[in-house]
Each structure stands twice: as C-alpha cells, then as structure tokens.
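Engineer: Please read through the structure below; I'll follow up with questions.
The values are calculated or read from the model by the stated rules, or taken from the named source; none is laboratory data. Keep in mind the model is a prediction, meaning the values are calculated, not measured. Ideal geometry is used to build each Cβ from the backbone, glycine not excepted, and the neighbour counts take in all protein chains shown. For the accessible areas, the whole protein counts, side chains as well, though only heavy atoms, and no ligand, DNA or RNA atoms are used. Shrake-Rupley method; radii C 1.70, N 1.55, O 1.52, S 1.80 Å.
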Amino acid sequence: MVTFPILFLCIACLFTTLLRERYRIWATLGVMLGTTIFAVLLASLARGWASGPVLGWQVPCAAGVALFFLASLFIHSNNLLQKGFVAVLSLTNFAYCLLLTPLFLGAMPFPVAGAAGGFLSVLITLLVYLVTGLCLYRPLQRFSERGPSVFLGGMLLLMLFQYLLCLGRLDGLFGIVSPTRRLLLATGFYCVLIFCFRSVYQAGRWQSLMAQHSLRDRMLEMEAGDFVDMLAAVREVRAAQKTGEYALDTVAELLRTGQLEKIPPYVEMAKGGSQAIPILVRYHENPYLNAVIATKAAFASQNSVAFECNAAYADAPVPTAELCILVNELLTRACSDAVACQEDMPRRVRFTAIPSEDALRLETVFTGTLPEKRRFEPKGKQMGDLLAWLFDDTPQEETELRGLGNAAEIVLAHSGSLTVSSNDTDVIVRALLRF
C-alpha cells in the first residue's frame, strides 16, 4: 500500500494545481512542502490511536488533508467552497485508490508481493491524482475568481457521496455484493463528475468566445466609422486647400493687373469664407472634443446635412476619452440617420452641450425616425423563432439605442440617464451625466 509521504505529496500537488495561489511560486511551494512534512507527522500520530482496516487509513489521511485545507486558507485566493471541494476530492481519491489497488493487483498474471506490489500501488496513486488534476485543472482555474455557486455545492455533495461509496457505506443502497461492482459504480461517478465540470467549462468558454467575437465586431464597426470620418476630414481639408490656392491665384492676378484697391476687400471675403468650412470651425475649447465634432460636421456637410453645434465650455470632471466616445456615438447616430433620410426633405443635425455645477447635459436633435417595435410574422418562421421572439431580448441594433452601447455604459457609470424620443420629423437623444 502507498505510504503517507507519497500520498501527501500527491495531495499537495493537487491543491497547488487546482487552486489559484495568492503569493509567489517559492512562497507557495515552501508552504506546501512544510504542510506536507507536518501532515506526515500528524498522520503518524493519528495512525497510532486509529484502529481498523478503514479508520487506520482514513483518519490519518483526513488529518493531513485538514492541514492542507487550513494552509490553503492563507495561500490560495479561491472561495471556501472550492477549497473544500479540493479537500474532499483528495480524500475521495485516496479511498478510490484503496478500492482499486487490491483488485488491480489481484488481477495481475504475475506475483505482486514485495517491491513490485509497492511500485504498482504508488503508480496507481500517482495516476489517479494526475488524471483528476488534469481533467479539473482548467474548469477550476477558469472559475477560481467566482464566489460560491449552486453547481459547485452539488459537485461537493457528489464527492461526499462518492467518498462514502468507495468506503462501502452505500453497498446496501445500491445492492452491491462485491468490490468489483463498487469499483465500477465509483468509476462511473468519476466520469459523471468530470463530464459535468468539463461541460460547464466548455459552455463558459463558448460564451467567452461569443463575447469576444461580439466585441471584435463592435470594434470593427467603430474603426469603420473612424475611417469614414477620416475620409470626410481629408476631403474637407483638400477642399479648403483648393479654396486657399484659388484665393492666392486671385490675389496674384489682381497684383498683375494693378488692381491693388480690390485686394483688401477680397482678402476679408476669403477669410469669411474660410470660417464657413466645417473642418476649420472651432466648436469646443477642448481640442480632442473639437476634433470629434469637426469631423462629424465635415461628414454632414459632404452629405448635404445641415449641422449646428452649441457646445458651451466648462470644466466638467469627466475623462476626456469618455466624453469623446460619448459625443462621437451621439453624432454618429445622428449623422447616419439623417443621411439615410430622403434627400427631398430638409435634413439637419443639432448638437447642444449644457454643463452645470453637478451635471452635464448633451442633446442631439436630428432628422429621422425611431425603429418600429418588432412584430412577429408567422409566415415562413419556425417554432424556435416564436420562442426567441417571446423570451429573448430584442437586439440593441433593433431598438432606439442602436449605436449607443458605449454611450449608455458611460452614462450609467456616471449615475446619469440616456433617453431617446421623437416627434413627427426629428429624433431627440438626451444624455445626462452627474458628478
């Protein structure tokens, strides 16, 4: 039978593998090594007063596992339920090894007395702890930062059930008459345990991948919008460059023909014309926010959308990055909806920023309509479509908050509100940030 030093080394490796350490590697290894030594000493003492074929092995093992559990309270960051599960798993593995080893050695076609039997016993113990550690490593590491859960509580009860089964305490419940049947049933419970953990892990991993794909799509949409704004700004700058070159050519022609008295009025007229170029207008004192508004104004100008801005300046305790993202999403939604309207109707976008002592109000009024509430049409649909329409949330792109996902999160972080309303021809988006 396996000795306690090897058993407690396996249990130390199991605790180190499945739980997330709180300190550096050398501190964790030092504490685990010290705990292993004390566990061996405590098991030797417990072995002296615990008698019987079952208690003589289980009591010393439980005493050592209790030391590892106490050590994990200080060096591992997992919750108590996860630490308790690993402790019960260690006890169950040992009970399973005590059940498996005699049956395995008895089935060998050669004598297993002496060194051969000891070697095989150690090998079986190492394999049992290695397999359980490898199968449960990723699930427990992935959910190591979560609090106690009903699922893990159920798995802990299953481990206690498995422990009693390996000890033979449930033979009457299942009608077990031989150790072989008990071993097969215990192996089946191990398979169920590993299957449940791996299924939950794969489900969480799939959800994480879906969230990553969703975030990537949102990032690509934002990048695409930035490229559109960049193109609009470049076109506007080129138009301003051509206007400037034309003005210089005109002044040169006036100088060549000797019409000097016409130059000052023309220069003043050219200056006034440059002020009407959207990309060159100063909309806000903050240069970053001004750049965001200017690019949207240039985009609106190139798509025949009237753009108005009244953004007063005030020191608001809102990070510039958050403010730029908020204004960018508001104006992107406004400009894209206004451009999508028919060209024969007047299209406009008006942006207003009103700061106060404890709040900042942003209002965007633009030509457009709100999306209609999704109705279910049974023609050509399946039963799954009906259930999704009844129970699933409407996608954000089909609601009035379309394109305002980041803006809604920023507003919520500042204890504010984001409302969308409409009248006959215009849509009004109001954002309120409190500080």
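Engineer: Might you report the magnitude of the Cβ-based charge dipole of the chain about its Cα centre, with Lys and Arg at +1 and Asp and Glu at -1, to the nearest 20 debye? Before the final figure, lay out the partial values.
Structural biologist: Values: 36 positive and 36 negative charges, 476 e Å.
Charge dipole, the chain, about its Cα centre: 2280 debye, nearest 20.
Engineer: For the chain, modelled as a GNM with alpha-carbon contacts under 10 angstrom, which of L360, L254, L73 fluctuates the most?
Structural biologist: Residue with maximal mean-square fluctuation among L360, L254, L73: L254.
Engineer: At 1.4 Å probe size, with no ligands or nucleic acids counted, give the accessible surface of R216 in Å², nearest ten.
Structural biologist: The accessible area of R216 comes to roughly 110 Å².
Engineer: Note the direction-averaged projected area, equal to a quarter of the hull surface, for the Cα convex hull of region 1-103, in nm².
Structural biologist: On the way: hull surface 24.5 nm².
Result: 6.1 nm².
Engineer: Under the rule of at least 5 residues apart or a separate chain, name every residue whose amide H is placed under 5 Å from the amide H of S144.
Structural biologist: Hits under the 5 Å cutoff: none.
Engineer: Could you pull the Cα extents of the chain along its three principal axes, largest to smallest, in whole Å?
Structural biologist: In descending order, the Cα extents are 120, 58, 47 Å.
Engineer: Expressed as a whole percentage, what fraction of the accessible surface of region 1-58 belongs to carbon and sulfur atoms when a 1.4 Å probe is rolled over the protein heavy atoms?
Structural biologist: Numbers: 2490 of 3400 Å².
That share works out to 73 percent.
Engineer: When only alpha-carbon atoms count, how far does region 57-113 stretch along each of its three principal axes, as whole angstroms with the largest first?
Structural biologist: Ordered largest first, region 57-113 gives principal extents of 47, 18, 14 Å.
Engineer: So what is the calculated 222 nm ellipticity per residue for the chain, using -39500 (n - 2.57) for each DSSP H run with n of 4 or more, over all residues, to the nearest 500 deg cm²/dmol? Don't skip to the end; give the middle numbers.
Structural biologist: Working: 13 runs with 283 residues, N = 435.
That comes out to -22500 deg cm²/dmol.
Engineer: With a 10 Å cut-off between alpha carbons and a GNM built on the chain, which of A113, A338, A239 moves the most?
Structural biologist: A113
Engineer: Please build a GNM for the chain, connecting alpha carbons under 10 Å apart, and tell me which residue among M345, M159, M32 fluctuates the most.
Structural biologist: M345
Engineer: Which of the three applies to region 120-186, rounded, prolate or oblate, going by the alpha-carbon gyration tensor with a ≥ b ≥ c and a/c under 1.5 meaning rounded?
Structural biologist: Values: a/c = 3.66, a/b = 1.40, b/c = 2.61.
It comes out oblate by the Cα gyration axes.
Engineer: Over the chain, calculate the relative contact order: mean separation of alpha carbon pairs under 8 Å at least 6 apart, over the residue count, as a percent. The partial results should precede the final answer.
Structural biologist: On the way: 490 pairs, mean separation 43.5, N = 435.
Once divided by the residue count of the chain, the mean separation gives 10 percent.
Engineer: Return a single number: how many Lys pairs in the chain, at a sequence separation of 8 or more or on separate chains, have alpha-carbon atoms below 30 angstrom apart. Working shown, then result.
Structural biologist: Numbers: K242/K262; K242/K271; K242/K296; K262/K271; K271/K296; K296/K373; K373/K381.
Lysine pairs, 8 or more places apart or on different chains, close enough: 7.
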